[in-house]
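The values are calculated or read from the model by the stated rules, or taken from the named source; none is laboratory data. On a predicted model such as this, the values are computed, not experimentally measured, just so you know. So basically every Cβ, Gly included, is an ideal-geometry build from the backbone, and we count neighbours across all protein chains shown.
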Amino acid sequence: MSPPRSPSGNPTSDVKCPRCYAANLPAARFCGRCGFFLEPPQRTDGVGAALGRHPDALDAPKGFVPVADAANLHFRRLPGWGGSASTGIETAAVELFNGGYALRSVVLRFRGRDGAGIDVFAVERSLAEWPRGETVRIELQSFDIPAPAESLEVALVSADFAPAGA
């Protein structure tokens, strides 16, 4: 049996856009409905890989580093209330920058490690909306940080695309 064909006579595609769920031809690099970049991601083991790279990604501000396994999302540690960057038990602030697609229902995991690389805390925070090009600030309270953290990793746990044009 031959594959089903579209009205134009071309075989139909099983390639669905992860952003708007429109069907696209297998050779398509961008979604015909919303313009999402359809090139297969380099990694498929994290939620960030499903987001895909934005074809016109914005550069992260100076001092920002990538969010783990998430294309176009970046973060930087800010000094806590005491003026040091979460080296002790105090409130710590993190700035996050979205250089890719507008997102909503975002869940991020913040993981601090001591000098030996052992986890000393892991907390999750949510963002209702995270527009493209926006920097947001998240504070981790002192009760979330039970011990000094030498390093911080931020990872994307889950997110949905904001409606196109939003």
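Annotations for the structure displayed:
- Scan of the stretch 149-159 for residues that are farther than 14 Å from residue 108 by Cβ and either surrounded by fewer than 16 Cβ atoms within 10 Å (Cβ to Cβ) or at pLDDT 90 or above (or both), ordered by number: 150, 151
- Residues of the stretch 85-122 classified as aliphatic (A, V, I, L, M) and under 29 Å from residue 163 (Cβ atoms), total: 7
- In the stretch 148-166, of all residues being among the aliphatic types (A, V, I, L, M) and under 15 Å from the mean Cα position of the chain (by Cα), the one that is farthest from residue 22 (Cα to Cα) corresponds to 154.
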